[in-house]
């Protein structure tokens, strides 16, 4: 199992990333890790954590880093020698089975999409994020890889999300919901109305439209949407959670009585924090590429990096790409037929 | 000041609505209220609250109610005699200054849009919801009136949201943000990229793209988006808040120690609940119509109904529609120029 890690990606890189790599090396003896980044800057940390000459470590130098403020395309244009581009190149050349990055999401998507390419039958890759719900979690796909989508793309996201749910939840027939503005079939925007028709015909456990208020109550295992929508929902949830936590801190520390109360019930706060925590998951896979890429949160801790590496390896073993490719092949004729119907309807409408 | 209230709208109608009307009658002596609904079903409550023969009450009978499961268009097709349609008709005929409904949002939008029409220069009305943030609130527009929008629509939403912010926050130059997926100008989907260009040229306090995680930290007074996006964000926030509250209840009642702690800090919980509470606001205005329409939450309490009536009257006094019309007139030539540029770019692109 060979995994390349973008050591320069993330708010606390490279220190925290190297710490996470160290933990992964000890915990997963079958993993070989390629550290990708500026070796001059990395050597201090590799030495600090004592893995400079580890038998399962190899190093690849990358001159540049894609900064959070850079546009996504920089990874393929002015910074072709960046750590994330080098990771994608290693995967393209078959030198690693998977890559992990907690850096610039857009750059990770762009470089793997162009260098590694998509799986046969997949038009666009998508980010699948698992989000906390009342009991357990649900998968949001696409969480930000594509800003403008066609119905076909969302149908493929549903199939990729299904494969991920089978891995993550260990269930056979995950429920699939389409993120929309009303429960009824007829509701939605132009895009989701077309997607609804395709999903209704696919051999998946499609439960129809789902709304923003029920997704956090486990109404569906997989929630399908375009990446613009998904990213805003994801960041909105993160923002609201952060604001709520900050307000709670203010409210509970206003006077000694409240502070005593908060201290007595501190384990309840701990559980609440765990609910929102994504450390355990490590990261979100970019599904649909001809390889494995796990994207960590920018603020990943070393534990999150270690878990992202774990997950990347598990994806390889689980054979998620074979499963996706098979489902796409099985459903290709259905999707093609639906697409034809959609384009006929559009031609008729424009002729009227 | 004449206000029609849809007495049949809302989860707890008509009892709670009549209770709210009663409170409004006592608190706002200059308001005359027209109760619209099935008089047979209403008379019990009108009598119960002693307002059956109140000098400032008038009654209009409506045979039908648009149910939450009905499609929006039902208000104009099979249920033309519904309480919300009758309210819209009263406003159309100039018999009332404003209407209030806590019923089917889509039906309220459809019936006022068609019967009352939009303000001069406004293509589509939009729902402006005020949402809680770290300190104070922000306005989300459109929160669900339009599922598919053109750049022009969002530019108009920004101007309407600006007028609402002036009323709600009492500030002169509210900041306007465009909901998108990245802070940089270049980021967004096809729609928001075009909207960005228009807003940059309008004489408003436009601060650029804003993301889901910063809007809850008061990054902008007005957050502009299409109604599909806005509705999903709004319901997602409601859903997450509800789930968090339920989990807190579970976590804090797990054992006697935690329960004692929760009891000691109960005022902190109260403050947290108040943060999420929308009762005080009463409802969200549907802006851009040639009249005033305040839409309450389906689960409105009598206090929320009373406040929605208060707000409806305040809008009339504030002259929000004059303010919107003036701003639209002032900016019409800029928007028209931007639209021309957009359509030229699109023609060029399709000719390539």
* To do: All but one of (1) under 25 Å from residue B:32 (Cα atoms); (2) more than 14 Å from chain A (Cβ to nearest Cβ); (3) surrounded by 24 or more Cβ atoms within 10 Å (Cβ to Cβ) hold for residue B:104, so report the exception by its number.
  => (2)
* Structure fact -> Per the filter on the range A:70-115, residues assigned to a loop (DSSP other than H, G, I, E, B) and within 23 Å of residue A:302 (Cα to Cα) are A:96, A:97, A:102, A:103, A:104
* Asked: How many residues are surrounded by fewer than 20 Cβ atoms within 10 Å (Cβ to Cβ), closer than 30 Å to residue A:154 by Cα and modelled with pLDDT under 90 when one looks only at the range A:257-295?
  -> 5
* Structure fact -> Every listed condition ((1) buried (at least 21 other Cβ atoms within 10 Å of the Cβ); (2) in contact with a helix residue (DSSP H, G or I) (Cβ under 9 Å, 6 or more places away or on another chain); (3) more than 9 Å from chain A (Cβ to nearest Cβ)) holds for residue B:240 save (3)
* Asked: Does the range B:71-86 contain at least one residue that is out of contact with any helix residue (DSSP H, G or I) (no Cβ under 7 Å at 6 or more places or on another chain), touching a residue at least 24 places away in the same chain (Cβ under 8 Å) and within 14 Å of chain A (Cβ to nearest Cβ)?
  -> yes
* For residue A:250: the one exception among (1) touching a residue at least 12 places away in the same chain (Cβ under 8 Å); (2) within 14 Å of chain B (Cβ to nearest Cβ) -> (1)
* Within the range A:213-224, how many residues are more than 8 Å from every other protein chain (Cβ to nearest Cβ) and either at positive phi or in a loop (DSSP other than H, G, I, E, B) (or both)? -> 4
* From the list B:145, B:163, pick out the single residue that is under 14 Å from the mean Cα position of the chain (by Cα) and within 14 Å of chain A (Cβ to nearest Cβ). => B:145
* Hits in the range A:49-64 - residues which are surrounded by 14 or more Cβ atoms within 10 Å (Cβ to Cβ) and in contact with a helix residue (DSSP H, G or I) (Cβ under 8 Å, 6 or more places away or on another chain) -> A:49, A:51, A:52, A:54, A:56, A:57, A:59, A:60, A:61, A:62, A:64
* **Extreme residue, surrounded by the fewest Cβ atoms within 10 Å (Cβ to Cβ), among residues of the range B:197-212 that are part of a loop (DSSP other than H, G, I, E, B) and within 12 Å of another protein chain (Cβ to nearest Cβ)** => B:211
* Just to be sure, is residue A:298 within 30 Å of residue A:17 (Cα to Cα), under 14 Å from the mean Cα position of the chain (by Cα) and buried (at least 24 other Cβ atoms within 10 Å of the Cβ)? -> no
* Structure fact -> Requiring at least 3 residues that are touching a helix residue (DSSP H, G or I) at 6+ places or on another chain (Cβ under 8 Å), farther than 30 Å from residue B:241 by Cα and in contact (Cβ under 8 Å) with a residue 40 or more places away in the chain, the helices (runs of 4 or more DSSP H) wholly within the range B:256-352 are B:320-351
* To do: Given the conditions (1) touching a strand residue (DSSP E or B) at 6+ places or on another chain (Cβ under 8 Å); (2) more than 7 Å from chain A (Cβ to nearest Cβ), report the number of the one that residue B:275 does not fulfil.
  => (2)
* Asked: Do we find a residue being part of a loop (DSSP other than H, G, I, E, B), at pLDDT 95 or above and not assigned by TED's automatic domain parsing to the domain that holds residue B:111 anywhere in the range B:225-234?
  -> yes
* Structure fact -> When (1) modelled with pLDDT under 95; (2) more than 14 Å from every other protein chain (Cβ to nearest Cβ); (3) crowded, with 20+ Cβ neighbours inside 10 Å are applied to residue A:169, the one that fails is (3)
* Structure fact -> Of the residues in the range B:2-42, those that are in contact with a strand residue (DSSP E or B) (Cβ under 9 Å, 6 or more places away or on another chain), in a helix (DSSP H, G or I) and touching a residue at least 24 places away in the same chain (Cβ under 8 Å) come to B:17, B:18, B:20, B:21, B:24, B:25, B:42
* Would the range A:189-196 turn up any residue that is surrounded by fewer than 24 Cβ atoms within 10 Å (Cβ to Cβ), farther than 24 Å from residue B:224 by Cα and touching a strand residue (DSSP E or B) at 6+ places or on another chain (Cβ under 8 Å)? -> yes
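The values are calculated or read from the model by the stated rules, or taken from the named source; none is laboratory data. All figures in this text were calculated on a predicted structure; none of them were measured in a lab. Note: ideal-geometry Cβ built from the backbone for every residue, glycine included; neighbour counts use all protein chains shown.
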